[in-house]
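These notes concern the structure reproduced below.
The values are calculated or read from the model by the stated rules, or taken from the named source; none is laboratory data. As the structure is a prediction and not an experimental result, all values here were calculated from the model. Quick reminder, even Gly has a Cβ in these numbers, built from the backbone with ideal geometry, and neighbours come from all protein chains shown.
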Amino acid sequence: MSKQRPSADSAIHRLADGTVKQRNLLTGTEVWTVPGRGHRPLQPAGEQPTPIDHTRDGHHCAFCESRYLETPPEKARLVRDADGSWRELTGLPAEHLDDTVAEFRRIPNLFEIVSYNYWLLNHGHVPSEAEHRRMAQYLASSQGYDHVLGVVRARLRASGMDQADFAALSDSDLLRQANGFFSGGHDLIIGRRHFVDGAQDSSQLASSGTLSPEEHHQYTAFTARSMADLYGLDPAVRYVATFQNWLKAAGASFDHLHKQLVAIDDHSVQTQAELDRLRKDPDIYAEILKVAATRKLLVAQNDHAVAMAGFGHRYPTLAVWPLHAPRNPWEVDEEVMRATSDLLHAMHAATGSGVPCNEEWYHRPPDMEVPMRWRILLKWRISTIAGFEGGTRIYLNTLDPWAVHQRVLESLTRMREAGAIAPMRLGEECRVSPDLLRD
Ligand SMILES: [Zn+2]
């Protein structure tokens, strides 16, 4: 056992006093859970719920369905027809935005993490011919023109631009700032509902876990297709970071369900660390799965995916892994996508809509020939003990993986009985072997 290569034996163990020490087999991150802190409620004691003002339905926030014109021109939307079938509509003109109700919509983020200018100035990125044409067509209608100018103005105002500078800008100055809406690399996938149907108070937000399994499947598959599309944005795109922040404590700016996709010109530090680990130890995923199985951390399983309580994570974490040979999200077939989505949906449902959480997608950068696996982590951003970590690089966590496992399993068992989640095997019913990670 060398220091560089943590063995499965040191992955997770409980000491005599009840402290649980964990080590992340992919990153080496060390986490301790000290006893006696795990029984507190997960939800932070936040604001008291208030009654919902239903006269504001469709207007609760800028992501709501009656405020389409406050966000940049839409790239695509999913609509559901009366017979229950789903359709994707791409590049709708402004005058047709209200013809249908989007179950999910893909729009450019108004405040990009990596801006259009970054791509332009560092990589000479300019809109493709198709993107140019789409922009010209969008602006050719008066509704489209007003929409784009309105959104550019709102962005400038929000960025704190001086009133005099603002007034001096001509329409063509403003239009030049709209390229990013048609050829940018930071997109959002937004759900339709702000609150669940029939909600009475402000705590009843429409989180991932409140969607139906079918809606969640559409949401997940739409996200995967959008990732593939962003890889085509520019030859300099090397990774498309994909994540979902739920609630303010987890970094969300609106309490309205959305995922984010950000094209970047580098591999993330996390990805690089995993690639390095994988080169040294090609069996690492099988090893993690074995630890999860032998230490009784498996939560749920279906024919094409498995979910487990993660170990060695800074926050209490649930991990969803598609099975079979490694494939990127946009490469798996419909059944694997559905199975993966069903488990992720169930993990969200078991977590509860009141718990702030980050959903993080990990996948193989397409320019790397390494069998890195697509996985999704769901991290509960509940309070941790601060101060100690900086000096030691040992992270303290309030819930050990077995406590996470137990809480989630109890909820899942209830929800499976109620038919609120897709059929799946739970806990002790799960059966995994390394064969499941091959075709
Ligand atoms: Zn909203």
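Applying the criterion of at least 1 residues that are hydroxyl-bearing (Ser, Thr, Tyr) and more than 16 Å from the ligand (Cβ to nearest atom) to the strands (runs of 3 or more DSSP E) found wholly in region 217-301 leaves 239-246.
Scanning region 313-354 for residues that are in contact with a Ser or Thr (Cβ under 9 Å, 6 or more places away or on another chain), closer than 25 Å to LYS296 by Cβ and of a type in the set (Val, Ile, Thr) gives VAL320, THR340, THR351. Of the residues making up region 55-84, those that are assigned to a loop (DSSP other than H, G, I, E, B) and more than 14 Å from the ligand (Cβ to nearest atom) are PRO72, PRO73, GLU74, LYS75, ASP81, ALA82, ASP83, GLY84. Residues in region 256-283 that are buried (at least 19 other Cβ atoms within 10 Å of the Cβ), more than 21 Å from ARG225 (Cα to Cα) and not basic (Lys, Arg): HIS256, GLU274, LEU278. Taken together, ALA309, ALA349, ALA325 contain a single residue that is farther than 22 Å from ALA273 by Cα, more than 14 Å from the chain's Cα centre (by Cα) and among the hydrophobic types (A, V, I, L, M, F, W, C), which is ALA349.
Taking the conditions (1) more than 30 Å from ASP146 (Cα to Cα); (2) surrounded by fewer than 17 Cβ atoms within 10 Å (Cβ to Cβ); (3) touching a residue at least 60 places away in the same chain (Cβ under 8 Å); (4) within 25 Å of the chain's Cα centre (by Cα) in turn, LEU25 satisfies each one other than (2). Listed by position, the helices (runs of 4 or more DSSP H) contained in region 98-180 that have at least 2 residues being in contact (Cβ under 8 Å) with a residue 60 or more places away in the chain and either farther than 19 Å from GLU74 by Cβ or in contact with a Lys or Arg (Cβ under 6 Å, 6 or more places away or on another chain) (or both) are 116-123.
Residue pairs whose Cβ atoms lie under 8 Å apart, separated by 6 or more positions or on different chains, with the first residue in region 53-74 and under 19 Å from ARG153 (Cβ atoms) and hydroxyl-bearing (Ser, Thr, Tyr) and the second within 8 Å of the ligand (Cβ to nearest atom) and at pLDDT 95 or above, are THR71/ALA62; THR71/PHE63. For region 260-269, the criterion of being out of contact with any Phe, Trp or Tyr (no Cβ under 9 Å at 6 or more places or on another chain) and not basic (Lys, Arg) is satisfied by at least one residue. In the set (1) under 22 Å from GLN22 (Cα atoms); (2) out of contact with any helix residue (DSSP H, G or I) (no Cβ under 8 Å at 6 or more places or on another chain), GLU429 fails one condition alone, (1). Does ALA102 count as in contact with a helix residue (DSSP H, G or I) (Cβ under 7 Å, 6 or more places away or on another chain) and within 13 Å of the ligand (Cβ to nearest atom)? When the stated conditions are applied, ALA102 does not pass them.
Among the residues making up region 302-348, those that are charged (D, E, K, R) and not in a helix (DSSP H, G or I) are ASP303, ARG314, ARG327, ASP333.
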